[in-house]
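Below is one structure, written out as structure tokens, with a few remarks after it.
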Amino acid sequence: MNEHDIDDRDLTPADPADRASLQHPDPALCPECLGAGALASGETCPVCEGTGKATSRTGGG
């Protein structure tokens with residue numbers, strides 16, 4: 001590595017497929033169900049209505 005190179009080896013998750021290791025969720029996914037379309041209880045997500053995608057109803061305040 002050169003002295004001007006940036007050491008970014010530890011900036012990504014160890015396993016990109018592991019959802020628990022994600023530090024910044026995908027902004028295209030619903031923040032409530034994280035793209036699953038359903039809650040842990042098995043009910044359809046009320047925020048995205050089961051699509052798993054972020055909607056205009058999500059976000060800031």
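Data overview
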quantity: Ala38 long-range amide H proximity, modeled H, under 5 Å; calculated: Cys45
quantity: Length released on extending from Ile6 to Val47, taking residue separation times 0.36 nm less the Cα-Cα span; calculated: 10.8 nm
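Coordinate-derived values only; no laboratory data. As the structure is a prediction and not an experimental result, all values here were calculated from the model.
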